[in-house]
Amino acid sequence: MTSVTGPRRLLLLRHAKAEHPDVPDIQRPLALVGRKQSGKVGRALAAEDLVPDLVLCSSSVRTRQTWDLVRSSLGAEPEVRHLDDLYYAGSSALVELVRAVPAEARTVLVVGHEPTMSQAAVLLAGPDSDPATLERVRVGVPTASWSLLEVGPWDGLAAGTAALRRLAVPQ
């Protein structure tokens with residue numbers, strides 16, 4: 001992991017569009033449109049210099065596939081942790097998982113599920129957040145969208161301590 005100065009960045013990415021076959025939810029794969037969305041996310045993150053040092057990815061098939069396709073167009077190989085806990089996590093549990101991130105990580109990407117992704121962004125958003133972005137995230141986020149939050153030390157992450165800067169939605 002790099003040791004770069006400046007704000008830490010937390011990216012909360014909802015998995016891309018999934019199919020609805022007759023399989024358990026955790027085994028649902030990405031749809032073709034979801035595969036295309038994932039490549040766009042990777043290219044956008046690379047273009048905006050938001051390449052993560054660490055990725056926390058839910059253990060579901062669709063989140064793993066989303067990450068694999070994001071990574072393939074990102075041009076980087078960050079450390080990845082596939083977490084069963086993230087599949088089941090609500091917003092508070094997600095914050096606890098991020099609080100345990102190593103201090104040297106500067107940009108962390110969480111690949112997870114709705115409504116946890118939007119609820120975590122709202123929970124963390126403090127007074128320096130962009131008001132329009134906060135209002136948009138409050139109603140939920142579409143597939144393959146990601147929220148950018150600037151945060152302080154990971155172990156100090158708590159409700160209202162981050163600045164929600166933007167929500168990116170792939171076209």
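The values are calculated or read from the model by the stated rules, or taken from the named source; none is laboratory data. Please read all numbers here as calculations on a predicted model, not as lab measurements. Note that each Cβ is placed from the backbone with ideal geometry, even for glycine, and that neighbours are counted across all protein chains shown. Accessible surface is based on the protein model in full, side chains and every heavy atom, while ligands, DNA and RNA are left aside. Shrake-Rupley method; radii C 1.70, N 1.55, O 1.52, S 1.80 Å.
Taking the condition surrounded by fewer than 13 Cβ atoms within 10 Å (Cβ to Cβ), of a type in the set (Gly, Ala, Ser) and at pLDDT 95 or above, does ALA121 pass? Steps first, answer last, please.
Values: surrounded by fewer than 13 Cβ atoms within 10 Å (Cβ to Cβ): no; of a type in the set (Gly, Ala, Ser): yes; at pLDDT 95 or above: yes.
Against the criterion (surrounded by fewer than 13 Cβ atoms within 10 Å (Cβ to Cβ), of a type in the set (Gly, Ala, Ser) and at pLDDT 95 or above), ALA121 does not qualify.
Kindly provide the set of residues from segment 5-25 that are at pLDDT below 95 and of a type in the set (A, V, I, L, M), ordered by number.
VAL23
Can you find even one residue in segment 86-96 that is farther than 22 Å from PRO24 by Cβ and open to solvent by less than 70 Å² (accessible area, probe 1.4 Å)? Let's see the steps before the verdict.
Initial filter on segment 86-96 (farther than 22 Å from PRO24 by Cβ): 91-92, 95-96.
Now restrict to residues that are open to solvent by less than 70 Å² (accessible area, probe 1.4 Å): 91, 95.
Yes, that holds for at least one residue.
Please indicate, with yes or no, whether at least one residue in segment 82-98 is in contact with a Phe, Trp or Tyr (Cβ under 7 Å, 6 or more places away or on another chain) and either closer than 27 Å to ARG35 by Cα or of a type outside the set (Ser, Thr, Tyr) (or both).
yes
Collect the residues in segment 38-58 that are part of a loop (DSSP other than H, G, I, E, B) and either open to solvent by 20 Å² or more (accessible area, probe 1.4 Å) or over 12 Å from VAL111 (Cα atoms) (or both), keeping them in residue-number order.
GLU48, ASP49, LEU50, VAL51, ASP53
From the list VAL151, VAL111, pick out the single residue that is crowded, with 18+ Cβ neighbours inside 10 Å, under 17 Å from VAL70 (Cα atoms), hydrophobic (A, V, I, L, M, F, W, C) and in contact (Cβ under 8 Å) with a residue 40 or more places away in the chain.
One residue alone meets the criteria, VAL111.
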